[in-house]
Amino acid sequence: MFNDIGPLELVTLVVLAVLVFGPDKLPKLIQDVTRTIRKIREFSESAKEDIRTELGPEFKDFEFEDLNPKTFIRKQLDNDELGLKEIRNGFDLKKEMAEVTDAVHGRESESSSGSSSAASSGGRIDMTKKPEDDGKDDRPAFDADAT
């Protein structure tokens, strides 16, 4: 909660509190603040427990932190039932990007250096530029009724 407050700022806050409230009222003020924080925590815990009992036994291990969208998505992606860990661990973004870059620039990548066709390179599509045939039009005929 107060991770970004440095020691100099903390000393400044203490001196300011002593000047504003005085040294005789400051201990009672600290007790009142801690008591209030404790009551708020107890109230929130009792409210959470009431909600859990109202939801029923199937939600007994329900955590309210799971309602945070980031936490929910992270928990679902870590679930091993979908097999997403194997997909995530098997995907090497740098390697894939290097292969695409090599294909765009017309160089053969390291994984397909010995193969020349798409079938022998593990089903990869050859993305190198082909020489253009000027006399042949590969576009399909235009159908005015289909649009």
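The values are calculated or read from the model by the stated rules, or taken from the named source; none is laboratory data. Because the structure is a prediction, the values reported are computed rather than measured. Counting neighbours? That spans all protein chains shown, and the Cβs are built from the backbone with ideal geometry, glycine included. Heads up: the accessible areas ignore ligands, DNA and RNA and are worked out on the full protein's heavy atoms, side chains in. Shrake-Rupley method; radii C 1.70, N 1.55, O 1.52, S 1.80 Å.
For segment 2-79, chymotrypsin sites (Phe, Trp or Tyr not before Pro) meeting the loop criterion (DSSP other than H, G, I, E, B) and having at most 11 other Cβ atoms within 10 Å: Phe2.
Placing Arg107, Arg52 in order of accessible area, with the largest value first and a 1.4 Å probe, yields Arg107, Arg52.
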